[in-house]
There are 2 protein chains.
Amino acid sequence: MSDSEAPTYPKLPRNTVNRYGKPRGKYDYESIHKIVNTVQVLHVSFPAPNSDPFPAMIPMLGFMASYSDQNAPLTEPLDLYLHGYISSRLMKLGSTSPSDEEEGLPLTIAATHLDGLVLALTPNHHSYNYRSAILHGYATPVTDADEKMWAMEKITNGVLDHRWENTRIPPTKTEMTSTQILKVNVVDASAKVRTGYPGDDRADLKNEELRAKTWIGVVPTFLKYGEPVASPENRVAKVPEHITSYVKKENEVGEKNALIAVKGE
Amino acid sequence: MSDSEAPTYPKLPRNTVNRYGKPRGKYDYESIHKIVNTVQVLHVSFPAPNSDPFPAMIPMLGFMASYSDQNAPLTEPLDLYLHGYISSRLMKLGSTSPSDEEEGLPLTIAATHLDGLVLALTPNHHSYNYRSAILHGYATPVTDADEKMWAMEKITNGVLDHRWENTRIPPTKTEMTSTQILKVNVVDASAKVRTGYPGDDRADLKNEELRAKTWIGVVPTFLKYGEPVASPENRVAKVPEHITSYVKKENEVGEKNALIAVKGE
């Protein structure tokens with residue numbers, strides 16, 4: 001599918017990528033949904049209560065999917081599900097059921113992959129390679145028991161593939177009520193992606209003395225998963241395959257993505 | 001210095017860690033400043049213009065230090081410096097010089113290290129090991145030329161140690177004016193730190209059948225720095241020592257921190 005045909009989020013003033021918007025800004029569903037679903041930690045921001053001038057911000061777990069169309073690919077419209085606890089500030093706000101006039105709690109969600117340090121001839125051209133998505137949407141608590149269970153499975157498997165079916169399931173009634181899931185109806189979003197080598201100014205590139213002594217290039221970066229460490233309470237001798245294969249796969253994908261960010265596919 | 005003597009940020013309703021606040025919440029300068037100064041990317045949130053309900057959020061570079069006391073350790077009061085561009089939305093807002101009644105632009109800043117995946121017997125006890133700091137403060141643009149240059153050096157060396165002195169410095173006049181630095185007067189902050197193994201319920205730990213088939217423990221995680229990739233424009237044959245030693249040191253520190261988070265010092 002060409003870029004112009006790809007389904008996209010609306011481009012509003014608040015989600016338009018201004019600086020370097022032409023090469024780096026993206027609005028298509030697939031780019032944005034993929035960034036969210038491959039990041040371990042999201043940063044969620046929302047207006048603070050009691051007219052406090054500082055927005056609240058919390059690191060959270062989440063994923064994007066469609067409960068009504070569970071096999072929907074990343075190119076389709078998806079909802080964002082967030083995992084939290086009833087006692088937290090966010091969930092308290094989110095659990096006041098929205099009136100007809102309200103659409104839920106307005107949230108801004110950020111998902112960021114750091115792909116490399118970009119080292120240029122001059123301090124000003126130093127940069128990062130990164131894939132970053134910012135989403136805006138209205139959050140309401142998931143009350144349907146089946147949808148909540150489905151979301152809990154997805155969130156557990158978002159920490160580590162196939163983990164849900166390798167634990168004691170289903171959750172007890174107490175576990176179900178003590179966990180809260182927020183569903184975010186995403187209204188707009190954008191991604192910003194920086195790839196490639198440093199882009200220095202022509203004048204500096206003509207300075208052979210400078211170039212002779214200044215190494216330029218990229219240090220690739222990615223999230224590394226180390227050797228699993230068993231709990232003193234663990235009774236399983238061997239680290240199971242669903243864990244070792246996830247660690248192996250994620251390390252390969254992480255390293256590969258960081259290199260693709262520099263050199264291309 | 002004991003915890004009770006350590007200098008701390010004030011504990012206000014907006015920065016008090018509620019859930020698991022007793023074991024995980026921290027308010028001392030050193031813990032918070034150290035998290036900020038060891039993370040590559042900060043997430044910065046601020047109230048959106050034009051009564052937009054969604055807070056704005058931007059990934060940014062920054063560091064904490066004191067310009068008036070440049071050798072101040074992390075245990076002292078420090079300011080947060082952020083790097084941005086005059087053309088961006090944040091900088092536009094930040095550059096409206098505050099009136100006597102205003103203290104600057106209210107910002108919420110998050111710094112998060114992911115230290116590991118915590119795999120428990122039940123989905124509900126799955127968690128992350130992490131070190132996360134949230135700071136609140138008022139931002140104003142740095143106008144003093146010397147302070148700005150000092151901050152630019154610190155920010156460049158925050159990307160990679162000793163990088164500043166290994167590039168073409170000082171920046172030109174144009175480079176100085178096209179770069180903007182925000183100084184944040186931090187008014188309160190907190191950190192939340194999760195360490196250790198999974199904490200399962202007594203009932204599940206008594207279930208020997210469950211324990212016989214469910215591996216529990218932690219998969220350590222850290223930011224990995226890969227082999228530096230030279231730009232096609234690079235003219236330096238060998239990757240210089242300031243880069244190779246940084247890569248080596250950061251990988252060692254990252255792995256060590258992730259293991260300390262599981263097993264302790």
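The values are calculated or read from the model by the stated rules, or taken from the named source; none is laboratory data. Quick caveat: nothing in here was measured; it's all calculated off a predicted structure. Neighbour counts are summed over all protein chains in view; Cβ atoms, including those assigned to glycine, are modelled from backbone coordinates with ideal geometry. Accessible surface is based on the protein model in full, side chains and every heavy atom, while ligands, DNA and RNA are left aside. Shrake-Rupley method; radii C 1.70, N 1.55, O 1.52, S 1.80 Å.
Observations on the structure shown:
- Qualifying residue in region A:194-203 (condition: out of contact with any Gly (no Cβ under 9 Å at 6 or more places or on another chain), in a helix (DSSP H, G or I) and open to solvent by 10 Å² or more (accessible area, probe 1.4 Å)): yes
- B:Lys224, sole failed condition from (1) open to solvent by 20 Å² or more (accessible area, probe 1.4 Å); (2) more than 7 Å from chain A (Cβ to nearest Cβ): (2)
- Qualifying residues in region A:227-265 (those that are part of a loop (DSSP other than H, G, I, E, B) and touching a residue at least 60 places away in the same chain (Cβ under 8 Å)) - the one nearest to the other protein chains (Cβ to nearest Cβ): A:Pro240
- A count restricted to region A:1-52 and to residues that are within 17 Å of A:Thr195 (Cα to Cα), among the hydrophobic types (A, V, I, L, M, F, W, C) and in a helix (DSSP H, G or I) stands at 2.
- Matching residues, region A:53-63, being outside any loop (DSSP other than H, G, I, E, B), open to solvent by less than 30 Å² (accessible area, probe 1.4 Å) and either closer than 26 Å to A:Tyr197 by Cα or free of Cβ contacts under 8 Å to residues at least 24 places away in the same chain (or both): A:Met57
- The set of residues in region A:159-171 that are open to solvent by 60 Å² or more (accessible area, probe 1.4 Å) and not in a helix (DSSP H, G or I) comprises A:His162, A:Ile169, A:Pro170.
- Out of A:Asp79, A:Asp115, A:Asp52, A:Asp100, sole residue that is more than 27 Å from B:Asp115 (Cβ to Cβ) and at pLDDT 90 or above: A:Asp79
- Any hit, region B:209-218, residues being out of contact with any Ser or Thr (no Cβ under 6 Å at 6 or more places or on another chain), touching a residue at least 40 places away in the same chain (Cβ under 8 Å) and in a strand (DSSP E or B): yes
- Taking region B:183-193 as the range and being among the hydrophobic types (A, V, I, L, M, F, W, C) and open to solvent by 10 Å² or more (accessible area, probe 1.4 Å) as the test, the residues that pass are B:Val186, B:Val187, B:Val193.
- Extreme residue, surrounded by the fewest Cβ atoms within 10 Å (Cβ to Cβ), among residues of region B:126-158 that are assigned to a helix (DSSP H, G or I) and within 9 Å of chain A (Cβ to nearest Cβ): B:Glu153
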